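Okay, so here's the structure we're looking at.
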Amino acid sequence: MDSARYFFGCLIVIGLPPGIVWWFVIHPFIDVWRRVGKELTFIVGLVLLFASMVPLYWVRDTLLMADLGTSLVTTAIAVVLAAGAAYIAFKRRKHLTTAILMGLPELEEGGKGGSLLTEGPYSVVRNPRYIEMVLGVFAYAAFSNYVGPYVLALVSIPLIHMIVILEERELRDRFGPEYDAYLASVPRYWPSRSTLIRSVILKISSIRCEI
């Protein structure tokens with residue numbers, strides 16, 4: 001159990017900071033990366049990510065900070081959070097393809113690649129992927145039960161919110177009035193009563209059509 005906790009704690013302290021920083025390298029300079037091209041951007045991203053993980057790996061024990069020990073309570077919390085993240089991942093995966101997840105449509109020349117996601121979980125909230133990410137990070141932190149992962153999980157929340165703001169600015173540029181209408185009708189993180197009701201109605205309608 002201790003080895004598993006240590007492993008998941010290391011995943012956070014080594015993998016989370018470079019992943020978040022990379023999005024801040026991409027989004028504010030998206031026009032530059034579009035000129036660079038998808039292939040080269042992807043290669044540069046992988047090189048920088050792995051290169052930044054190496055020094056973090058060397059100081060992983062320092063970054064983990066204090067070990068709070070194995071706890072049934074935090075393990076149970078981790079299971080619940082992981083289940084929530086897995087459910088969102090299952091619901092959004094047919095809408096959010098691997099290419100979209102990697103940001104490839106955003107790198108299309110002129111920034112007009114891809115289409116606006118408004119179905120499935122995206123009809124309930126605008127950012128299910130980031131909700132899934134936060135739940136997953138806190139699940140890892142709760143399971144590992146080291147101080148460092150908890151700190152990083154808390155710090156990641158405002159940083160992820162900033163990423164969302166940058167992405168929303170890009171989506172408005174790419175989709176214009178279509179995105180403005182979507183923004184006005186679907187909440188950013190927390191589903192409203194009207195979006196939940198609309199989602200249920202659409203689900204029932206789809207079931208009837210299949211019958």
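Taking region 89-197 and the helices (runs of 4 or more DSSP H) fully enclosed by it, the elements with 1 or more residues that are modelled with pLDDT of 85 or more are at 128-144, 147-175, 177-185. Within region 29-52, residues that are within 19 Å of I100 (Cβ to Cβ) have Cβ atoms under 6 Å from residues that are open to solvent by less than 60 Å² (accessible area, probe 1.4 Å) and not in a helix (DSSP H, G or I) in these pairs: K38/L104, counting only partners at least 6 apart in sequence or on another chain. Scanning region 152-196 for residues that are among the β-branched types (V, I, T) and open to solvent by 50 Å² or more (accessible area, probe 1.4 Å) yields V155, I157, I165. Pairs are defined by a Cβ separation below 7 Å, a sequence spacing of at least 6 or placement on different chains, a first member in region 125-144 that is touching a residue at least 40 places away in the same chain (Cβ under 8 Å), and a second member that is crowded, with 23+ Cβ neighbours inside 10 Å and charged (D, E, K, R); the pairs so defined are F143/R5; S144/R5.
Looking across region 1-52, the residues that are of a type outside the set (A, V, I, L, M), more than 21 Å from the chain's Cα centre (by Cα) and closer than 28 Å to D173 by Cβ come down to D31, R34, R35, G37, E39. Please tell me if T62 is farther than 17 Å from V21 by Cβ, open to solvent by 90 Å² or more (accessible area, probe 1.4 Å) and of a type in the set (S, T, Y). Considered against the rule, which asks whether it is farther than 17 Å from V21 by Cβ, open to solvent by 90 Å² or more (accessible area, probe 1.4 Å) and of a type in the set (S, T, Y), T62 comes out as yes.
The values are calculated or read from the model by the stated rules, or taken from the named source; none is laboratory data. Bear in mind that the values here come from a model prediction, so they are computed numbers and not experimental data. All Cβ positions, even for glycine, are placed from backbone atoms using ideal geometry, and neighbour counts span all protein chains on display. To get the accessible areas, we keep the full protein, side chains included, count just its heavy atoms, and leave off ligands, DNA and RNA. Shrake-Rupley method; radii C 1.70, N 1.55, O 1.52, S 1.80 Å.
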